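The values are calculated or read from the model by the stated rules, or taken from the named source; none is laboratory data. From a predicted model like this one, the values you see are computed outputs, not experimental measurements. Please note: Cβ atoms are built from the backbone with ideal geometry, for glycine as well, and neighbour counts cover all protein chains shown.
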Amino acid sequence: MQAWLVILPGLALVGLFSVYPLAFALYVSTRRLLLTRPDQTPFIGLGNFVDVLATDQIRAAALTTGLFVLLTVPGVMLLGLGAALLLNQRLRGMWLLRWIILLPWAIPLVAAGVMWRLLVHGNFGALNGLLFQVGLIGSYIPFLSDPRIALVAVAVAQVWREFPLAAILVLAGLQTIPFELHEVAKVDGAGALARFRYITLPLLRPSVLVVLVYETMTAIAVFDLVYVLTGGGPGNATTLFSWFAYAASFKLLNLGQGAALSLMMALGLILLIVVYLRLLPSEEERA
Amino acid sequence: MTPARWLERALLYALALLLALVILGPFAWVLSASFQPESAIFKQPPDWIPNPLSLDNYVYVFTGRVPFKTDLSSGLTAGITGEALFIPTSLGNTFAVALSVLALNMVIGTLTAYTFAREHFRGKALAFNFILGSRLLPPIAVAIPIYTLLRVLGLLDTRLGLVLVHSAFTLPFSVWVLTLYFRGLPREVEEAAFVDGSGRIGALWHIVVPMAAPGLAAVGAFAFLFSYNEFLFAQLILDSIELKTVPVLLAAISVNPDATYTLIAVGVMLAIIAPILLALIFRRYIVSGLVSSLER
């Protein structure tokens, strides 16, 4: 009994901001609730879900989100893996790199987004300046206002922000691989590539999988970056799912549809977590 | 050293240099821009190194003295915005909120995690999984309900409201990491303390907390960084400009057509100093916290 009293404050705080909101979101999603007509909130069952699923915009947002995941996750994983392998080298001065690699991940996502806006801006910006200076382009490219490039620009910012995290986590995985394994394999005549293929990669599988799923979820849920970099535009070129749900609630003031969209996204993310828990070997198998 | 080994080493150093440039390059550009008038970065190509180096943008933020008078006639932008004058205030707000979240995580997180690690009681697994499971909800899914909840509680546009929300979002991670940490500590030392006559709380404070210092440092750094960096809820909850946190104010300035891009760069620099210092100083603990979160 006493134990329950001690954990009560934490439990209450977490419950207040999870159970109640979830119940409320479920309730709102079954009502027609427009902030422009707050006095009329009829029950419409799954009407909001049906309505949003029937629109073209949701297909566009889902496609854009999928494309964004495909653009960012492989980049984050490959760059993270490469950086981790590099950081794991016993080289003089490597500690410096291990020290600074967390910086893109530690700063506010909003600040990272604004930084990248200053980097890829169409009228100035370091990227345009650099390409111009070395003579690759004759005139500046409007990266963020060109619908074909804007999503790539957001993706590049996302990869820059996220790959350090992947690198740190994979590096931790690398450091658990016993050094002797490599030594034994070397004695047996295995080259560097073979050792990577048959020792490093299989033993890294659990950490890589976790990072992969985490980064997929992060890419699907990305919001702050879109907010400061493009605001979903130009047109709807960078309208990712979370931005779409946000805009439904806070720009179009259709809270019912916003709740329906958010719940669909939450469900999707939870499914993803379940799939990943299945993919991971359980504790017993690992032991 | 054989030539092959030498070549390998040169290649590795070249890659390391490239990686360092990728990480630091964006920071360097924004730092450079923050010391220039806007006209200088609009040159094609821009001045990479400020020439001359000017503190005008920073002076404006802290004193309100209008920067680069000549720039105002160029017609590019009005050049200044009153919003930027609130950056120092917003830094204070952000610290107040983030430190409160840190303190709440320390106190509630320690008590809760210690109970989970040492006590046996009915429904323990349920309570533990409930706290951890709450993290599965993506913030955007509960944004509207939390907004209405805070309105009912009269906590909209208050720092307290934001502190509570941030704490609710960080506690699951804190409880998870600290429970694992406490479980790993030897029981014998605490039991010796009981024999010596100190109570549970005394043993927790004098024996367990010092031993768990690295875990607490990791949890504290995470809670602080999360709160310092969080945008969605800070944006929804705080309306008055004198209450806004740094990410919210920075987002507002960055889309304000009156702000020069070099003034925006100053905003970025001032916003990232604290998290950067924290990440550099607490690097070890942050990494160990990240790694233990990976076990989840």
Note to self: I'd like to know if region A:102-121 contains one or more residues that are more than 7 Å from chain B (Cβ to nearest Cβ) and more than 20 Å from A:Leu225 (Cβ to Cβ).
What the structure shows: no
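Would you pick out the residues in region A:210-236 that are part of a helix (DSSP H, G or I) and at pLDDT below 85?
A:Val210
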Check: β-branched (Val, Ile, Thr) and either more than 10 Å from every other protein chain (Cβ to nearest Cβ) or farther than 30 Å from B:Thr89 by Cα (or both), is that true of B:Val209?
Finding: yes
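Of everything in region B:105-127 that's of a type outside the set (Val, Ile, Thr), under 13 Å from B:Leu171 (Cβ atoms) and under 26 Å from the mean Cα position of the chain (by Cα), which residue is surrounded by the fewest Cβ atoms within 10 Å (Cβ to Cβ)?
The residue in question is B:Met106.
Check A:Leu151, A:Leu203 and return the single one that is over 24 Å from A:Gly66 (Cα atoms) and not in a loop (DSSP other than H, G, I, E, B). Steps first, answer last, please.
Details: A:Leu151 fails: over 24 Å from A:Gly66 (Cα atoms).
Just a single option satisfies the conditions, and that option is A:Leu203.
Yes/no matrix, rows are residues, columns are (1) farther than 21 Å from A:Ile168 by Cα; (2) over 20 Å from the mean Cα position of the chain (by Cα); (3) surrounded by 13 or more Cβ atoms within 10 Å (Cβ to Cβ):
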residue	(1), (2), (3)
A:Asp51	yes, yes, yes
A:Ile58	yes, no, yes
A:Phe68	yes, no, yes
A:Pro74	no, no, yes
Check: What is the residue count in region B:149-167 for residues that are modelled with pLDDT under 95 and either within 7 Å of chain A (Cβ to nearest Cβ) or touching a His at 6+ places or on another chain (Cβ under 7 Å) (or both)?
Finding: 1
Next item on the list: Would you check if B:Leu216 is at pLDDT 90 or above and within 17 Å of the chain's Cα centre (by Cα)?
Entry: yes
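Let's see how each residue does on (1) free of Cβ contacts under 8 Å to residues at least 24 places away in the same chain; (2) away from chain B (no Cβ under 13 Å); (3) more than 16 Å from B:Pro26 (Cα to Cα):
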site: A:Gly135; (1), (2), (3): yes, no, yes
site: A:Ser145; (1), (2), (3): no, yes, yes
site: A:Arg148; (1), (2), (3): no, yes, yes
site: A:Ile168; (1), (2), (3): no, no, yes
site: A:Ala172; (1), (2), (3): no, no, yes
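Suppose the filter is β-branched (Val, Ile, Thr), under 24 Å from B:Val165 (Cα atoms) and at the interface with another protein chain (Cβ under 7 Å from one of its Cβ atoms); does B:Ile264 pass it?
Details: β-branched (Val, Ile, Thr): yes; under 24 Å from B:Val165 (Cα atoms): no; at the interface with another protein chain (Cβ under 7 Å from one of its Cβ atoms): yes.
Taking the combined requirement at face value, the residue does not satisfy it.
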Notebook entry, point to check: Pairs under 7 Å by beta carbon, first residue touching a residue at least 40 places away in the same chain (Cβ under 8 Å) in region A:106-118, partner charged (D, E, K, R), six or more apart or different chains?
Noted result: A:Leu109/A:Arg161; A:Leu109/A:Asp224; A:Val110/A:Asp224; A:Ala112/A:Arg161; A:Gly113/A:Asp224
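Residues that are within 16 Å of A:Gln2 (Cα to Cα) and within 13 Å of chain A (Cβ to nearest Cβ): does region B:82-104 have at least one? Show your work before the answer.
In the first step, residues of region B:82-104 are kept if they are within 16 Å of A:Gln2 (Cα to Cα); the result is none.
Scanning region B:82-104, I find no residue that is within 16 Å of A:Gln2 (Cα to Cα) and within 13 Å of chain A (Cβ to nearest Cβ), so the answer is no.
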Check: Can you find even one residue in region A:200-212 that is free of Cβ contacts under 8 Å to residues at least 12 places away in the same chain, more than 10 Å from chain B (Cβ to nearest Cβ) and under 30 Å from A:Trp116 (Cα atoms)?
Finding: no
Item checked: Residue check for A:Ala266: part of a helix (DSSP H, G or I) and either modelled with pLDDT of 85 or more or among the acidic types (Asp, Glu) (or both) -> yes
Checklist line | Residue check, B:Met269 touching a Leu at 6+ places or on another chain (Cβ under 9 Å) and more than 14 Å from chain A (Cβ to nearest Cβ) | finding: no
Checklist line | Checking A:Pro74 against (1) of a type outside the set (Gly, Ala, Ser); (2) free of Cβ contacts under 8 Å to residues at least 24 places away in the same chain; (3) within 14 Å of another protein chain (Cβ to nearest Cβ), the condition it does not meet | finding: (3)
Margin query: facing chain A (nearest Cβ under 10 Å) and in a loop (DSSP other than H, G, I, E, B): is that true of B:Arg122 in this structure?
Written below: yes
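Tell me the residue from A:Ala287, A:Ala260 that is at pLDDT 80 or above and either farther than 22 Å from B:Leu290 by Cβ or within 11 Å of another protein chain (Cβ to nearest Cβ) (or both), please. Explain how you work it out, then say what you get.
Numbers: A:Ala287 fails: at pLDDT 80 or above.
Just one listed residue meets the conditions, A:Ala260.
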Next item on the list: Might you let me know whether region A:26-34 holds any residue that is closer than 28 Å to A:Gly235 by Cβ, more than 14 Å from chain B (Cβ to nearest Cβ) and in contact with a Leu (Cβ under 9 Å, 6 or more places away or on another chain)?
Entry: no
Next item on the list: Mind counting the residues in region A:141-171 that are basic (Lys, Arg) and at pLDDT 90 or above?
Entry: 1
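Tell me, yes or no, whether region A:135-146 has at least one residue that is in a helix (DSSP H, G or I) and under 29 Å from A:Val211 (Cα atoms).
no
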Note to self: Considering only residues that are among the charged types (D, E, K, R) and buried (at least 17 other Cβ atoms within 10 Å of the Cβ), which ones fall in region B:196-251?
What the structure shows: B:Arg200, B:Glu230, B:Lys244
